[in-house]
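> Supplied in structure tokens, the structure appears directly below.
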Amino acid sequence: MPILKNMEIPKPQNWQDFERLVESYLRMKWPNCMIALFGSGGQTQHGVDVYLRDKNASFVGVQCKKVERLTYAQIQKEIDKAKDFTPTLTNYIIATSMKKDARLQEKVNILNSQHFEKGLFSIDILFWEDIIALIVSDEKVFAQHYPQLSPDKGRANNCTTVHAANIKDSVIGNNITINTSKNQNIKKTPIQDTIGSNTYMKNYVKHLIDRYHEFKKATENMDRSPMNYALLYNAIKREIGFKWDETPNERFEDLCEFLQRKIDNTILGKKQKSQGIKNYSTYDEFQVKTRGAVRKQT
């Protein structure tokens, strides 16, 4: 049976998933650095999607490119943008889903030498093979991004064999044994440094979501028709760019402000606000209440 390091893993379907994959790669490669996504849609990012800060306060900028083909001109354009990043970068990395390209690598190496002579930041390029090779080396990290492909050691029976080949962007072993069950309950591991992995953040966002549905149902669903809960979740993805529990921690305040506005704009929310009645707890108030409840239980 083929093992993960001998397989070409399918590439992410969207840029958000690729960006999260690159972030995981960086956390594995530089475990002692502070790593964070930089900016959000519509903001000037100076060619940087993710940045690292080491113990010496040096900054490394990373540009994520989910593309099938990347040109040298595109790389130069991103590098020119990165020159305006503050504080000044010491290293700049282009991370791409493109397969290894020797000629492109050679051009980047030459440009890197030119930067060294001018006292500018160094430049590196990470191809898909570089990124995924490190990801598959850690079973837990791999499972966060590919739960459907992660090994399931708890089930030795109920196996099925899949025969596949010539799938675009993927090379799958001739015979892959997948553990299956008639009633599978797959628990998805929260992605590191997202709201879903932070108990207090997760519970507060759930508090706001529940409060919105409660207010909406109280005044705008008088005909007792079924609530369409998916509307709010779809609105979150449009506004924030992520599922609510996969939202990066640094976007927590943005998500909370969005949900608070939604609550305040309901009929009941407007009515209570005009009467000086609070529509929801603040995050700090919620933490105090939650911790108080835990202390009483113990």
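> Test of understanding: among PHE252, PHE242, which residue is part of a helix (DSSP H, G or I), modelled with pLDDT of 75 or more and of a type outside the set (Gly, Ala, Ser)?
PHE252
> Can you tell me which of THR90, THR86 is part of a loop (DSSP other than H, G, I, E, B), of a type in the set (Val, Ile, Thr) and more than 24 Å from ILE132 (Cβ to Cβ)?
Step by step, each of THR90, THR86 is checked, and only THR86 is part of a loop (DSSP other than H, G, I, E, B), of a type in the set (Val, Ile, Thr) and more than 24 Å from ILE132 (Cβ to Cβ).
> Looking at region 100-130 only, could you name the residues that are of a type in the set (Lys, Arg) and more than 16 Å from TYR25 (Cβ to Cβ)?
Of everything in region 100-130, those that are of a type in the set (Lys, Arg) and more than 16 Å from TYR25 (Cβ to Cβ) turn out to be ARG103, LYS107, LYS118.
> Residues that are over 16 Å from the mean Cα position of the chain (by Cα), surrounded by 16 or more Cβ atoms within 10 Å (Cβ to Cβ) and at negative phi: does region 11-32 have at least one?
From region 11-32, those over 16 Å from the mean Cα position of the chain (by Cα) are 29-32; that's our starting set.
After this cut, where a residue has to be surrounded by 16 or more Cβ atoms within 10 Å (Cβ to Cβ) as well, the list is none.
Checked against the condition, which is being over 16 Å from the mean Cα position of the chain (by Cα), surrounded by 16 or more Cβ atoms within 10 Å (Cβ to Cβ) and at negative phi, region 11-32 yields no hits at all.
> Within the group SER40, SER97, which residue is modelled with pLDDT under 90 and small (Gly, Ala, Ser)?
Numbers: SER97 fails: modelled with pLDDT under 90.
Selected residue: SER40, the only one of SER40, SER97 that is modelled with pLDDT under 90 and small (Gly, Ala, Ser).
> Could I ask something else about it? Being loosely packed, with under 15 Cβ neighbours inside 10 Å and at pLDDT 95 or above narrows it down to one of GLU106, GLU68, so name that one.
GLU106
> Is there a residue being in contact with a strand residue (DSSP E or B) (Cβ under 6 Å, 6 or more places away or on another chain) and closer than 24 Å to PRO12 by Cα anywhere in region 80-88?
no
The values are calculated or read from the model by the stated rules, or taken from the named source; none is laboratory data. As the structure is a computational prediction, the values presented were derived from the model and not from experiment. Cβ coordinates were reconstructed from backbone atoms using ideal geometry, including for glycine residues, and neighbour counts include every protein chain displayed.
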